[in-house]
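Worksheet: one structure, shown below.
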């Protein structure tokens, strides 16, 4: 009987494997096949790269009669210097063997630089669309964002947690929550890991999570999804909301060079513009709204998309940055766990971070005092009895703490210059889409 030792793994091709003059064997997909009479150009797609190869019967005895776009093949080739090719080299094929040939041709132009189809057609054929190097690069780049976030958090004393997504109550309240039957009980899909992050601060001090978030909002805009990935953290023993904002600034200052260094290939394919992050300006909500809307700013409790665009343009023109923090939102606006400003109780210690015309982060300082939290729940028209388990953490003590949530797809959308947040979701879920 054969023993499984783990030593016979076939390593994915890496550019470091391609040494001029050496022979290598790789398994890849035929991305494009272009016969040229006596020879053929065969573009090979690995899990990350697209490589140029040349077939000639003079150097390869194998037939290419069965080679076509989409075929999975094993290729043995000599690495030859070619400055005009991707990465400065070309593969001269010595042997090629079909591993599997698909039953049908692709319904999309996968081998083109861009698919050239509508977003709906792209999403309807997602498993094929993502074989296009541009489409695929977005999600390899997205990997870089989450890896950088996790690396920074771990390096700064945060513990990674996993909170439940099936819950008995929503963290944000209201009607924007998905309900489901749970063994004859009423349950919901979690709107945020907020309650669990706060509880965990009591025993880990600093925590973070990368996980899905569910919002039953009936939006059909270019900036909303009903399921998205949140990059969340919560930190205890803070002195003020500024500690949370400074932590996010430092995280972004780590992330951007990390992306440039480790995801240069994807950045080039996408044409992503990675910003320099220095100091991020801070503006109070009331001042931001007056700046954006003038006399029309009265009785407003949140920023509109037009405000977010205006304020980011203002930050770029006046401070030389594409980021801006907006702080001190009205206390009457959810969430109920936001601490009120001691100097001005009309305002909550809550902030948004805007980037390139879009809110990518919501955060702030939370209420840690039990009585204060109960009082604010009541002021928001809610019943504290419905939050008994949440309030247990406060009852037995929480340190002063705060945190935030970053929308992964929104951040990737803006870094990559995409027009719709669905382009930054591998298999998006929105008001109209449950498949594929």
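The values are calculated or read from the model by the stated rules, or taken from the named source; none is laboratory data. Predicted model only: the values in this text are computed from it and were never measured. Virtual Cβ from ideal backbone geometry, glycine too; neighbours counted across all protein chains shown.
The table below gives the values:
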read-out: Qualifying residue in region 231-254 (condition: crowded, with 20+ Cβ neighbours inside 10 Å and under 22 Å from residue 420 (Cβ atoms)); value: yes
read-out: Out of 82, 58, 74, 78, sole residue that is in contact with a helix residue (DSSP H, G or I) (Cβ under 9 Å, 6 or more places away or on another chain) and assigned by TED's automatic domain parsing to the domain that holds residue 26; value: 82
read-out: Tally of residues being surrounded by 16 or more Cβ atoms within 10 Å (Cβ to Cβ) and touching a residue at least 40 places away in the same chain (Cβ under 8 Å) across region 81-110; value: 6
read-out: Residue within region 300-315 that is within 21 Å of residue 243 (Cα to Cα), in the same structural domain as residue 222 (by TED's automatic domain parsing) and modelled with pLDDT under 95 present; value: no
read-out: Residue selected from region 316-349 under the condition part of a strand (DSSP E or B) and free of Cβ contacts under 8 Å to residues at least 40 places away in the same chain, by the criterion farthest from residue 245 (Cα to Cα); value: 340
read-out: Any hit, region 377-385, residues being within 13 Å of the chain's Cα centre (by Cα), in a helix (DSSP H, G or I) and assigned by TED's automatic domain parsing to the domain that holds residue 251; value: no
read-out: Any chance residue 399 is touching a residue at least 40 places away in the same chain (Cβ under 8 Å), surrounded by fewer than 16 Cβ atoms within 10 Å (Cβ to Cβ) and within 29 Å of the chain's Cα centre (by Cα); value: no
read-out: Residues (more than 30 Å from residue 256 (Cβ to Cβ) and in contact with a strand residue (DSSP E or B) (Cβ under 9 Å, 6 or more places away or on another chain)) located in region 352-390; value: 367, 368, 372, 373, 376
read-out: Residue among 291, 311 that alone is in contact with a strand residue (DSSP E or B) (Cβ under 9 Å, 6 or more places away or on another chain), exposed (fewer than 15 other Cβ atoms within 10 Å of the Cβ) and not in a loop (DSSP other than H, G, I, E, B); value: 291
read-out: Unique match (being buried (at least 16 other Cβ atoms within 10 Å of the Cβ) and free of Cβ contacts under 8 Å to residues at least 12 places away in the same chain) among 136, 131; value: 136
read-out: Qualifying residue in region 360-370 (condition: more than 21 Å from residue 241 (Cβ to Cβ) and either part of a loop (DSSP other than H, G, I, E, B) or in contact (Cβ under 8 Å) with a residue 24 or more places away in the chain (or both)); value: no
read-out: Flag for residue 207 being under 18 Å from residue 236 (Cβ atoms) and within 24 Å of the chain's Cα centre (by Cα); value: yes
